[in-house]
1. Could you report segment 18-96's accessible area per residue, 1.4 Å probe, as an integer in Å²?
2. Take the Cα pairs of segment 91-153, get the Kirkwood Rh, then feed it into Stokes-Einstein at 20 °C and 1.002 mPa s and tell me D in µm²/s.
3. Between S182 and D42, what is the FRET efficiency for a Förster distance of 30 Å, r being their Cβ-Cβ separation, to the nearest 0.05?
4. Sorted by accessible area (1.4 Å probe), largest first, how do H70, H119, H25 line up?
5. On the protein heavy atoms, probe 1.4 angstrom, tell me the percent of accessible surface of segment 29-86 carried by carbon and sulfur.
6. Of the accessible area of segment 87-130, with the probe set at 1.4 angstrom, what percent is carbon plus sulfur?
7. Would you mind calculating the gained length between A16 and A62 on full extension (0.36 nm times residue separation, minus the Cα-Cα distance), in nm to one decimal?
8. Determine the gain in length on full extension of the stretch N142-I102; use 0.36 nm per residue of separation and subtract their C-alpha separation, reporting nm with one decimal.
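The values are calculated or read from the model by the stated rules, or taken from the named source; none is laboratory data. These numbers were taken from a predicted model, which means no experiment stands behind them. In this analysis, Cβ positions are derived from the backbone assuming ideal geometry, glycine residues included, and neighbour counts consider all displayed protein chains. Just so you know, the surface numbers come from the protein's heavy atoms only, side chains and all, with ligands and any DNA or RNA stripped out. Shrake-Rupley method; radii C 1.70, N 1.55, O 1.52, S 1.80 Å.
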Amino acid sequence: MAGEISGTASAGRTLALASVAHALHDGYVDMIYVLLPAWQTDLSLDYVALAVVRAVYVGVLAALQVPSAHLAKRLNARTVLALGTLLSATGYAVAGLSGGLIGLTASLALAGVGSSTQHPLASSAVSRAYGEKSRGPLGTYNFAGDLGKATLPPLISFLLTVMHWRSTLWVAAGLGLLVAVSIRLFMPLASTSPGEVKLVALTHRVTKGNVGFALLFVIGILDTATRMGFYCSCPFS
């Protein structure tokens, strides 16, 4: 009984911290839209430059998700996730010091490297923690990302009314530092359980050779491209 309670508490901490990480990183992604007009005005950037800044951040984030998962096999997922969150926060802190397109782009590329760790590692940590019962917790984890998108951009918008955009980035970086330290100190180390092995095997059987995966992949691309194009134009309309 004591072991079961301990395991439940450990899984709960994993879900809570993975959800916080998801909220932070998804908030980091969407708060860029709020900052685009400030960067255009203060750094004299045109629309093409702003599109490049955004594309570099998202491109690096997407491209390094698989390498991040491989890195976690050499280290552990908790360490890589904490370091990635710290790196993302550092990227935004450095962006607050940038004076032009090159500095801003390099800083956001650094932030993208850090944020690439979140989706593959946090979601897999929840799957490992709950095994065959992970469907509900994964739904909670995914919902946390939406909360981050709905919370951090409005917070940045409010801060932009009372302080310079550079200071708002340092506030966001401070939040990232807090989350990184919390992950490193309080997230349990993930371990492979029999339940996880069964879940992975079941997922493999369901998805292997399934046309549905290809359809979902195409839908995901179209959805992301449409949303990003719309969101980038909204601050200037």
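1. In whole numbers, segment 18-96 has 39 Å² accessible per residue.
2. Details: Rh = 13.7 Å.
In µm²/s, the coefficient is 157.
3. In this case the efficiency is close to 0.40.
4. Numbers: H70 105, H119 70, H25 5 Å².
Greatest to least solvent exposure: H70, H119, H25.
5. On the way: 1820 of 2710 Å².
Answer for segment 29-86 is 67 percent, counting heavy atoms of protein chains only.
6. Taking all protein chains in place, segment 87-130 shows 75 percent carbon and sulfur surface.
7. Gain in length upon complete extension: 14.2 nm.
8. In short, 11.1 nm is gained.
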